[in-house]
Amino acid sequence: MHQALRESCIPAQVVAAIDVNTVANEVYKYNFPHTQLLAKTIEGITLEEFDKLSFNMILMSPPCQPFTRLQKLPKYILLENVKGFEVSSTRDLLIQTLENCGFQYQEFLLSPTSLGIPNSRLRYFLIAKLQSEPLPFQVPGQVLMEFPKIESEYPGRNTVDTENKIERKKIEPSICFDKSRQRSGKEAILFKLETVEEIDRKHHQDSDLSVQMLKDFLEDDVDVNQYFLPPKSLLRYALLLDIVKPTCRRSTCFTKGYGSYIEGTGSVLQTTEDVQIEEIYKSLTNLSQEEKITKLLMLKLRYFTPKEIASLLGFPSDFGFPEKITVKQRYRLLGNSLNVHIVAKLIKILYE
C-alpha cells in the first residue's frame, strides 16, 4: 500500500503503517525506515491513538471497520481482499456501514493482466469517498466517477446479484478484467492433464501483444541453482505444473506456499527454450522413473525468484529484503501481497 501510494504521485504522507506480522514488519522497516510502524492489529488501536494520527485516508487489506467509531471519519478508503469477498456477509456489513457513514463507493475485480502485466492475480477492491454534502438520495454502490462495477469472473459476461440488487456492469477489455480467466472445457486431454481448450487459451494469452513478456521481469545476474525443481518433485508433480517460458505473456497467481508446495501455488519457468515441452511429455510413456527424470530435467524447470515475483507485483528494483529473511519467508510475504500498479491506479482515481 505504501509503495502504491508513492507510485500514485498524489501529495500524501504516510503517518503510520500497521501490521502484526513480525517478518512483514522487518521488511517494511528495511524499505521505509522513517515511517511510524505500529506492530499490532488494527482493532487493538485505541480511539485516542487514531485521533492523534490525524489521517484522512485508509489503505487496507483486512476487512475491518474501526473507522466507524472515530470522531472524525477519513475522507478516502481503499480496501483489498481476495476474490469471493464480494459475495460474503462481511462485505454486506461493510457496505451497510459505508452507506450509513455517508460514503460513496465503487467495487472492482481486477487482475494485473488488465495493465499488461503477465500475471494473473484476481482480487477484490473497494474505493470509497466521504461526501462533503448530503446526497439527495442514497443508491447502493453509487459510483465516485464514471467507472464500471464488479466484473463477472468470466470476462464479457453481465451478471446481477439478485440478493443485494447490485448491477454488475460489463467492463471493457481496455479498462480491467482478468484476461487469463476463462472457463475450461471438457475436451479430450492431450498431455500434461490439459484439454484442447486450455492449451488454446494459453496460446491466445501468449499471442496477446498488449501484455509484456515474462523476460522483462526476470533477473539477469542471479544464481538460479537453488531454484531448480528437485527430481522427486519433477517426477511426482510433472503433470500438474504450470510451465511458462521467458517469452510467455502469462503466469498463474503466486501464493504464499510457492517454493514449498507445487500444486496451485504459481508457475515455474522453463529455462531451455529450444526444448519442446510437448515432445518431452509425450515421450514419458512406458519409461522408467529414472528415464522420466532424465527427460524432465531437460526442461531445466525452476521457481521464479522472490525478486522476480516482486517485479511482477509492481515493486521497484530498489525494493529489497533484509538478509536474515529466508527465501521461504519472502515467498510467503509476496504470496500475501498485492499488485502495486493496480492499487496506485485506484488511488489516483479515488483522489481525483
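Tabulated data
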| read-out | value |
| --- | --- |
| Residue under evaluation LEU287, criteria (1) open to solvent by 10 Å² or more (accessible area, probe 1.4 Å); (2) farther than 21 Å from PRO118 by Cα; (3) out of contact with any Lys or Arg (no Cβ under 9 Å at 6 or more places or on another chain), criterion not met | (3) |
| Boolean, LYS345 is more than 10 Å from the chain's Cα centre (by Cα), within 15 Å of GLY116 (Cα to Cα) and surrounded by fewer than 21 Cβ atoms within 10 Å (Cβ to Cβ) | yes |
| Residue satisfying all of: in region 116-129; crowded, with 23+ Cβ neighbours inside 10 Å and closer than 16 Å to THR247 by Cβ; nearest to the chain's Cα centre (by Cα) among these | ASN119 |
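Conditions (1) aliphatic (A, V, I, L, M); (2) within 21 Å of the chain's Cα centre (by Cα), marked per residue:
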site	(1), (2)
GLU7	no, yes
ALA12	yes, no
ALA17	yes, yes
VAL20	yes, yes
VAL23	yes, yes
GLU26	no, no
ASN31	no, yes
THR35	no, no
LYS40	no, no
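Condition check ((1) loosely packed, with under 15 Cβ neighbours inside 10 Å; (2) in contact with a Lys or Arg (Cβ under 6 Å, 6 or more places away or on another chain); (3) assigned to a strand (DSSP E or B); (4) at pLDDT below 95) across all residues:
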position	(1), (2), (3), (4)
GLU26	no, no, no, no
THR35	yes, no, no, no
GLU43	yes, no, no, yes
GLU48	yes, no, no, yes
ASP51	yes, no, no, yes
PHE55	no, no, no, yes
LEU94	no, no, no, yes
LEU98	no, no, no, yes
SER114	no, no, no, yes
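The values are calculated or read from the model by the stated rules, or taken from the named source; none is laboratory data. All values derive from a computational prediction rather than experimental measurement. Glycine also receives a Cβ, built like all others from the backbone with ideal geometry; neighbour counts cover every protein chain displayed. Please note that ligands, DNA and RNA were not included when accessible areas were found on the heavy atoms of the full protein model with its side chains. Shrake-Rupley method; radii C 1.70, N 1.55, O 1.52, S 1.80 Å.
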